[in-house]
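Below is one structure; the comments refer to it alone.
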Amino acid sequence: MSGEEINQGSLTEADTCRLFVTPALHAAGWGQSPTLIGEQRTFTDGRIMVTGGIVRRGKQKRADYILFHRRDFPIAVVEAKEASRPAEDGVQQAREYAEILGLKFAYATNGKRIIEIDYLTGTETEIPSYPSAEALWQRLSGTQGIGEAATKHLLEPFNLVSGKVPRYYQRIAIHRVVEAILLGQKRILVTMATGTGKTAVAFQLCWTLWNSRWNRTGEHRRPKILFLADRNILVDDPMAKMFAPFGDARHKIASGDASQSRDMYFGIYQALSSNGSEVFRQYRPDFFDLIIVDECHRGSSRTDSSWREILEYFSPAVQFGMTATPIREEERDTYNYFGNPIYTYSLRQGIEDGFLAPYRVHRVITTVDAAGWRPSKDELDRFGRPIPDDEYQTKDFERTVALRARTQTIAKHLSGFLQGTDRFAKTIVFCVDQEHAAEMRQALVNLNSDLVAQYPDYVCRVTADEAAIGLAHLANFQDVDRPTPVILTTSQLLTTGVDAEMVKNVVLARVVGSRPEFKQIIGRGTRLNVDYGKEYFNILDFTGTATRHFADPDFDGEPALIEEAVIDESGEQISVTEIVPETPPFEYATEEEQIGPDVGPFVNEPPTEPRKFYIDGGEVEVIGHLVYDLDADGKKLQVVKYTEYSGRALRSLYPSRTDFQNAWANPDTRAEVLLELTTRGISFDELSAASGEADADPFDLLCHVAWNAPLLTRRQRADQAKRATDDLFVQYGGTAREILAILLDKYIERGILQFNQISELFKVQPLDRYGKPSEIANQHFGGIQPMRQAINRLQAALYQ
């Protein structure tokens, strides 16, 4: 059948693609290789939404077609609509997808007409046919300023031996860095949220340049590349795992081992400049073609950093910085050195795309954190030293004064939280220093002695003092198949570079004054592992850090307001305050300084200097536990009862009860209503449990929470509907009346959700004994249409 003979009004979007779009693309040469056309290509996973304790996935973004110039180099997107709709209807979506995917060409079509969106020229034009892959590449490469010989580096295939195909934003980052290098840019910066795969980007970048034999001088050789960081864990793990395909080309630079015969080098600043030997000077300044600086905000690019000398020594090399921290005043040196990022992928976007885990913030407030702590007159500490008379606040705890009772209270509350959720949920507790981490570990051990007896490593401390033992605990903690350790206490060691997908709880037992460090800490929980049940994570904040730092409009989303509720003893909300987070009025040592020598625990001997005052007595209690959820738009943390949230969400969809009733009463539009409610995280089971109204009709329950309408039970509505449709029951014979009565009984038992599909309706007992729907309709109702009308009228009567 020809396209002219087809009734276009009956064609679905899939029909349009099959009958018109795919043949047109093949006619333009895109079908020459199966890798050139990506049909129905999904490029996001759909945001994970957590509301009322229920986890759902949002809608995935899926392009009808993504067109590739080479296997790993997409060049255009095509959005198709039904043949009965104008091609212009697809323009907006084609634009949206092209902009997300970083593409310069997009096409909207209804199968007969094609509209080309050209981002290079800024034009929209109707064209008779699709251009070929080569034609698009010529148009694109002609504006890039990259020589023809150099484009082979840009089109080099990725290494897919691991089976992991780079996500769309990783591909954009890789190609933009390669393009910047080919254009002669010497310093390059990419900002990507923790957990979004910066190491994968670095690997594919190195592989692309190494395999295509790019180098600064244009010689026919492979490049010399240095992967540079400030901690062994940041280079050892990538070298052993992600960069394994480089094989013997890898080498880690250590003191006294400055091999120059390899291609892929790994090193930390300390080893390159340790003991005054300046190992880095054993290499010529122009030895490296490319230097990758991981976590570049952590010091090497700072003007006053002792490590800056290494980068300046190797200034002939292209230097590529990676950071999870967007530009702020405290990172100004990073941006002054590398320049503005050529690509940014934010925490907000990662959560929106469904690649990062969303979070719930638990703000836990103790008596001393709420009101401060002051020593009694002439009070002495553990070692008999007089404690200076002052008002000590959260910022002082474990820095100036160490309150054992507060540590015990935090440990007790955390243990109770785990008992109420999952005692084997991987948890990291960030403490003030190693001494605090040791005391917290001991408190948690004693509070969980039943599990410690069975699993001796249930709670472990991982700090610099533990060295190899601590790293062994960390490796076991990262192993998704090992149940323990469950809880790690730490101070600085785990703030960055730890890839632990199963972290479900991040506990802040210390104030984090630096926003970059806060983002790194939160990054311990953002990784997803749905197969093992990791779909979101909790932030248990005992210091107020989260509410202060979760307001970064450029990176975490607008608006920069957080609602903090005050609740009374019965748990009722009595006031809501909007807080504008601001920089704390106190300052701590820089992160680089904090990583330096730490102080271990003092047991029986006082420190030589009064670094802290140790108070063993007193009582501390938890007086508040507020739970913040992201709203449905993923933009704002809020404390709100589930019933209030549901009512507010419903009012945003339907301004009045009448509007909602009209949409709900019609079976055809009710499906759309249910979809909208589900998208906003509203569950009838959760709502009935939260309101204590298990017998209420879902419609009444929603109207009650949204407009304070009176509640009716499902039985009351069923009786009302039967009275309103007496003529319907008189119209049909005995069997039809029985079926209609059973339908009302099923509604009373299960609710309106059972009325949606007739074919499904008759599969449940006792309706299944009456036969197939077609048989029931013909024998007892006079046909399918009369039976459908009778059931629809019964449903409508429920909500008149």
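Scan region 333-414 for trypsin sites (Lys or Arg not before Pro) in coil per DSSP, keeping those whose Cβ has at most 14 other Cβ atoms within 10 Å, and list them by number. Don't skip to the end; give the middle numbers.
Values: sites: R348, R360, R363, K377, R382, K395, R399, R404, R406, K412; in loops: K377, R382, R399.
Filter output for region 333-414: K377.
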| lysines whose Cα lies under 17 Å from that of K61, excluding same-chain neighbours fewer than 8 positions away | K81
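With a 1.4 Å probe and all protein chains in place, put W664, W210 in order of accessible area, largest first. Let's see the in-between values first.
Details: W664 0, W210 30 Å².
My answer, sorted largest first, is W210, W664.
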| said: Run the numbers for T42 and S259: contour at 0.36 nm per residue of separation, minus the present Cα-Cα distance, in nm. | reply: 73.6 nm
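Taking Cα pairs under 8 Å and at least six residues apart, what relative contact order does region 407-452 come out at, in percent? Don't skip to the end; give the middle numbers.
On the way: 20 pairs, mean separation 25.1, N = 46.
For region 407-452, the relative contact order is 54 percent.
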| From phi via Karplus (6.51, -1.76, 1.60), per-residue ³J(HN,Hα) for region 662-670 in Hz, x at Gly/Pro | 5, 5, 6, 5, 7, x, 6, 8, 5
| said: List the residues, sorted by chain then number, that are 5 or more residues from Y107 or on another chain and whose placed amide H is less than 5 Å from its amide H. | reply: V77, V78, E79, I117
| request: Starting from the amide H of R57, placed 1.01 Å from N in the peptide plane, find each other amide H under 5 Å away whose residue is 5 or more places distant or on another chain. | output: M49
| query | So what J values fall out for region 190-204 if you push phi through Karplus, 6.51 cos²θ - 1.76 cosθ + 1.60 with θ = phi - 60°, rounded to Hz, Gly and Pro as x? | reply | 10, 10, 9, 4, 4, x, 9, x, 5, 5, 5, 5, 4, 4, 5
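Percent relative contact order of region 24-115, based on C-alpha pairs within less than 8 angstrom and at least six residues apart?
Values: 171 pairs, mean separation 19.3, N = 92.
After rounding, I find 21 percent.
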| task | Would you work out what percent of the accessible area of region 173-243, with all protein chains in place, is carbon or sulfur (probe 1.4 Å)? | result | 49 percent
| query | When the Karplus curve 6.51 cos²θ - 1.76 cosθ + 1.60 is applied with θ = phi - 60°, which whole-Hz ³J(HN,Hα) does each residue of region 153-165 get, with x for Gly and Pro? | reply | 5, 6, 9, 4, x, 6, 8, 10, 4, 6, x, 8, 8
| field | Set of lysines near K746 by C-alpha distance (under 21 Å), chain-local residues within fewer than 8 positions excluded | value | K722, K763, K772
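When only Cα pairs under 8 Å and 6 or more residues apart are kept, what is the percent relative contact order across region 66-188? All intermediate terms of the calculation are to be shown ahead of the outcome.
Numbers: 159 pairs, mean separation 24.3, N = 123.
Result for region 66-188 is 20 percent.
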| request: Anything over 25 Å Cα to Cα? Flag those among K252/K426; K164/K198; K426/K519; K186/K224, in the order listed. | output: K252/K426
| For R187, which sequence-distant residues (separation of 5 or more, or a different chain) have an amide H within less than 5 Å of its own amide H, given hydrogens modelled in the peptide plane? | Q319
| Peptides 613-625, 427-439, 519-531 ordered by average Cβ neighbours within 10 Å, highest first | 427-439, 519-531, 613-625
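The values are calculated or read from the model by the stated rules, or taken from the named source; none is laboratory data. Predicted model only: the values in this text are computed from it and were never measured. A quick note on method: Cβ atoms are made from the backbone with ideal geometry, for glycine too, and the neighbour counts reach across all protein chains shown. SASA here: full protein model, heavy atoms, side chains in, ligands and nucleic acids out. Shrake-Rupley method; radii C 1.70, N 1.55, O 1.52, S 1.80 Å.
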